[in-house]
1. Quick one: K305 ticks every box in (1) out of contact with any strand residue (DSSP E or B) (no Cβ under 9 Å at 6 or more places or on another chain); (2) touching a residue at least 60 places away in the same chain (Cβ under 8 Å); (3) in a helix (DSSP H, G or I) bar one, so which box is it?
2. Does S87 satisfy being small (G, A, S) and part of a loop (DSSP other than H, G, I, E, B)?
3. Kindly indicate whether S232 is over 26 Å from S150 (Cα atoms) and surrounded by fewer than 17 Cβ atoms within 10 Å (Cβ to Cβ).
4. State whether one or more residues within the stretch 154-163 are β-branched (V, I, T) and not in a helix (DSSP H, G or I).
5. Listed residues L65, L47, L51, L83; which is in contact with an Asp or Glu (Cβ under 8 Å, 6 or more places away or on another chain) and either surrounded by 15 or more Cβ atoms within 10 Å (Cβ to Cβ) or in contact (Cβ under 8 Å) with a residue 60 or more places away in the chain (or both)?
6. Quick one: in the stretch 51-82, which of the residues that are aliphatic (A, V, I, L, M) and either assigned to a loop (DSSP other than H, G, I, E, B) or within 23 Å of L180 (Cβ to Cβ) (or both) is nearest to the chain's Cα centre (by Cα)?
7. Show me the strands (runs of 3 or more DSSP E) entirely contained within the stretch 184-300 in which 1 or more residues are modelled with pLDDT under 95 and over 16 Å from V141 (Cα atoms).
Amino acid sequence: MADEATAASSSLSTAAADVGPEVLITIKWNGKTVSVTLPESALVFDLKNALHEEWGVLPKRQKLLGLKLNGKPPTDEVELSKLKIKSGTKIMMMGSLEEDLEELLKQPDEPIDVVDDFVEDEELVEIARHPANLAKIEKRVRNYQLKVNSPPRPGKKLLVLDIDYTLFDHKSTATNIAPLQRPYLHEFLTAAYQHYDIAIWSATSMTWIDMKMKEMGVPNHPDYKILCYVDSGAMISVLSPKYGVVSVKPLAVIWAKFPDHYSPKNTIMFDDCRHNFLMNPRNGLRIRPCRQLPVTRHEDTELMKLTNYLLKIAPYNDDQFSDLDHAKWERHMHS
């Protein structure tokens, strides 16, 4: 079993070296990476079995993102040769260990407080204005390239969205992607797009952002477009008295790339982690995380409620918008 405490890459290979052409596939799961070499004649199940031996996740619990046959996820009986995989292809596995599933089901849902328990305002100001943190942002602005998918639209506000636990339950298991994407996802994005340009910012690599978005049918949706993708390369580390050293998402990186369109006065970010807002606390709204969606999705109406919030505040001018306390968004809906 791979060392659970490290994310170092390891390698697996089959003993059968004389069965014809082979293919090398790199798989990422839960912060760990492994490279698997299999004959092209091997089945998808053989790949899952190799991953079971490496990480202990049962084949029936595994969802492999990035493998397609005629535009659909292949069944376990499909040969790898049918998938037209290039050697060195990178994919992602979703799935949980049995013991983790049992423990997760025992735990109650995480309570989410309505009133934000963020660090004190003075500490936030100090973090946001610290010269070392500002220097890191300047470096990201100089060196980081957003993946721009659609041009900005004049007069639109900016909505920045996290992926994991915000739009997508990346830890639960399912036989296809549908039960793992948050309810009302496409309706939410369609409604928001009327007034907001939409950016996706995940604390993962661009490879996994691309993969998850494609699996959820976001890039080619006819009713909305995504402005850009932003990955972990644009994040910076800061020291917070409350959280310690953490990586955060400084919105100034996006603002600097589109100076004529977006600013602190017309931007809102949804994320399930409060510390991601440390450099821009007034722009952050902590969304309730979506977990165990195959079981809880009938109760999850977060995106429906937040659609109404976004539409209510969309007509606000810049000063009104920047004065909002998004931690109290539910109270604001009833005001």
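The values are calculated or read from the model by the stated rules, or taken from the named source; none is laboratory data. Treat the numbers as computed from the prediction; the structure is a model and nothing was measured. When we count neighbours, we look across all protein chains shown, and the Cβ atoms used for this are built from the backbone with ideal geometry, even at glycine.
1. In the conditions (1) out of contact with any strand residue (DSSP E or B) (no Cβ under 9 Å at 6 or more places or on another chain); (2) touching a residue at least 60 places away in the same chain (Cβ under 8 Å); (3) in a helix (DSSP H, G or I), K305 misses (2) alone.
2. So S87 fits the description; yes.
3. no
4. So the first thing to find is which residues in the stretch 154-163 are β-branched (V, I, T), and the list is 160, 163.
Okay, now just the ones that are also not in a helix (DSSP H, G or I), so 160, 163.
Yes.
5. On the way: L47 fails: in contact with an Asp or Glu (Cβ under 8 Å, 6 or more places away or on another chain); L51 fails: in contact with an Asp or Glu (Cβ under 8 Å, 6 or more places away or on another chain); L83 fails: in contact with an Asp or Glu (Cβ under 8 Å, 6 or more places away or on another chain).
The unique qualifying residue is L65.
6. Step one: filter the stretch 51-82 for residues aliphatic (A, V, I, L, M), giving 51, 57-58, 64-65, 67, 69, 78, 80.
With the extra rule that they be either assigned to a loop (DSSP other than H, G, I, E, B) or within 23 Å of L180 (Cβ to Cβ) (or both), the set shrinks to 51, 57-58, 64-65, 67, 69, 78.
Working: L51: 23, V57: 22, L58: 24, L64: 16, L65: 14, L67: 19, L69: 25, V78: 29 Å.
Of everything passing the filter in the stretch 51-82, L65 is nearest to the chain's Cα centre (by Cα).
7. It comes to 236-240, 244-248.
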